[in-house]
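Notes follow once the structure below has been shown.
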Amino acid sequence: MSQSLRVPIGKDALAAKPRAQGSSLRRARSDLDAESQSHEILARVLEDLEQVAAFSAPGPGVTRLGYTAEDAAARAWFAAECGAAGLEYEADFAGNGFGWAPGARRSKPLLIGSHLDSVLHGGRYDGTLGVCVGLEVARAAVRHGWSYPVGVVAFACEESTRFGFGTIGSRCLMGILSGADLDKVTDREGTTLKDVLLAAGLDPTTGPRIEVDDSFAGAFLEVHIDQGTILAPESGATEYPVGLVTTIVGVSRIRLNWSGQAAHSGARLRSDRHDPLLAAAKFVIEADALWGRHDGGHKDSLAITVGKLDVFPNSPNTVAGQVDLILDVRSTSQKLLDATVASALQLATEIADTGRVRVTSTSLNKGTPVRTDARMIRALAKAATTGSIATKRIPSLSGHDAMVMARRYPAAMIFVGNPSGISHAPTEDLDQDSLRRAIQVILAALPDLSELRDPS
Ligand SMILES: [Zn+2]
């Protein structure tokens, strides 16, 4: 096998429009080579994952919150790896790092990547996997002299652990978060995003901005582990299908503040109480019932969660005076998302009235479900079929940088198998065969993905 260009994505291949008669032969060679190269790429991705996992605060699993010292170390590792691989590295004021294969910068490259930060006590694959796959594909482009432009991105602070909402880095890149926003967004300690950036050695005022124009990217691809069991092999099957994400859920988050009257737990009669914790507890149960009424038989996905509750004064012998909770509603349908949020708010008002407490709501994030690029999904599906790799079209039930990138560029996501079915926890897992097949699909799809750059 030739050591030179193994995937026919060079200038010659791009120039060969309409496809030459020899395309079936070239296609066959491409698939064979994509399969063999995927093994090499897998091995290196696994090595990189191991290295990045070491950048973690102490404790179970991986803790690499956005803009902390551990996160900075991971971003520095990424910059060094890009340099060592001969990629052209650049970073912006928000800490997003980019590695461009020679000639790829400003040439509408296929940008592959995800994020390097983690949740508290998370796993080693969420985000990092997508960065490591992008990095290795870009390295392979250099090694094999591909002239098809590819780049890798490591987005900063995608997880919402620190600021209550995520995709901070990609939103900064796309100009969705800028200027005064950086003074308004605060972390759990009340520090503004601007000050957090400054403390991390980044300069939000005069630091580099990357212009996101047409030449910046031709398409964006994010590889991610399955965060649940949506890809679990069906009965009889032994392999995970490669997940092709068709829709990314919109996530709406609302803070509900319940206020009543703090009082002594013994002296205050039951009939005289204004207990916001009781009302909030009823709301948690009724919100779940609301989900239950929508669930089953509905073609669009829905999830309702209350995972954060702050009780004041949070004392065993005091009736609570205030309760803050955050309602998280997500759906692949805008209509269902908005209707569910409206129903939940109505429910909160009714529960507050009967519970003789007050409730106010603040929207933290208004979700917009995003459809991934149908042409990219078709190209990936075609590559999978040619390589006899099973795929499954799935929704993503969590938000990702891809939904931010999709505002401007064709974007798609690939999910790979996670045997534990758990994410955001130390038991997060990766099925290596599934990842290898996903890599094969990407390599084999590169010629078709390249044609997205200049639709004729
Ligand atoms: Zn992620």
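The values are calculated or read from the model by the stated rules, or taken from the named source; none is laboratory data. Because the structure is a prediction, the values reported are computed rather than measured. Methodologically, a virtual Cβ is constructed for each residue, glycine included, from the backbone with ideal geometry; neighbour enumeration extends over all protein chains shown. Only protein heavy atoms, including side chains, enter the accessible area calculation; ligands, DNA and RNA are left aside. Shrake-Rupley method; radii C 1.70, N 1.55, O 1.52, S 1.80 Å.
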Check your understanding: How large is the dipole of the chain about the Cα centre if only Lys and Arg carry +1 and Asp and Glu carry -1, each at its Cβ, rounded to the nearest 20 debye?
Key -> 1080
Review point. How large, in Å, is segment 297-456 by the Kirkwood hydrodynamic radius built from its alpha-carbon pairs?
Key: 19.5
Study note, to complete from the structure: With all protein chains present and a 1.4 Å probe, the order of ILE389, ILE176 from largest accessible area down is ILE176, ILE389
Exercise for review: Report GLU70's accessible area, 1.4 Å probe, all protein chains in place, as a number in Å² to the nearest 10.
Suggested key: 50
Check your understanding: Quick one: Kirkwood hydrodynamic radius for segment 64-199, alpha-carbon pairs, angstrom, one decimal?
Key -> 15.1
Check your understanding: Among bridges DSSP assigns within the chain, what percent are antiparallel (round to 5)?
Key -> 70
Practice item. Under a cut-off of 14 Å between alpha-carbon atoms, report the aspartates and glutamates in cross-link reach of LYS392, not counting same-chain residues fewer than 8 places apart. Key: ASP226, GLU234, GLU239
Check your understanding: In bins 10 Å wide, starting from 0, what share of all Cα pairs of the chain does each bin hold, as a percent?
Key -> 4, 20, 28, 24, 14, 6, 3, 1, 0
Check your understanding: Pairing the Cα long axis of helix 334-354 with the longest principal axis of the chain, what angle in degrees results, from 0 to 90 and rounded to the nearest 10?
Key -> 20
Review point. Once every DSSP H run of n ≥ 4 in the chain is given -39500 (n - 2.57) and the sum is divided by its residues, what mean residue ellipticity at 222 nm do you get, rounded to the nearest 500 deg cm²/dmol?
Key: -11500 deg cm²/dmol
Study note, to complete from the structure: Heavy-atom accessible area of segment 243-302 with neighbours in place, 1.4 angstrom probe: carbon+sulfur share in percent works out to 52
**Study point:** Antiparallel DSSP beta bridges within segment 89-210, percent to nearest 5
**Key:** 55
**Study point:** Nearest 10 degrees, 0 to 90: helix 276-294 Cα axis against the chain principal axis
**Key:** 50
**Study point:** Spatial separation of Cα centroids for segment 102-166 and segment 309-333, in angstrom
**Key:** 36
Practice item. Could you state, as a whole-number percent, how many of the C-alpha pairs of segment 148-286 are farther apart than 18 Å? Key: 73
**Study point:** Separation of alpha-carbon centers, segment 62-78 and segment 381-440, rounded to whole Å
**Key:** 23
Review point. When DSSP assigns beta bridges and you keep just the ones with both residues in segment 27-171, what percent turn out antiparallel, to the nearest 5?
Key: 60
Revision key, fill the gap. Quick tally, 1.4 Å probe accessible area for LEU309, LEU135, LEU347, sorted with the most first, runs LEU309, LEU347, LEU135
Practice item. Quick one: which residues, 5 or more positions from VAL319 or on another chain, have an amide H under 5 Å from its amide H? H modelled 1.01 Å from N in the peptide plane, none for Pro or chain starts. Key: ALA263, HIS264, SER265
Study note, to complete from the structure: With the convex hull built on the alpha-carbon atoms of segment 117-169, volume per residue in Å³ sits at 64
Review point. Between the helical axis of 374-386 and the dominant principal axis of the chain, each derived from Cα atoms, what acute angle in degrees is found, rounded to the nearest 10?
Key: 60
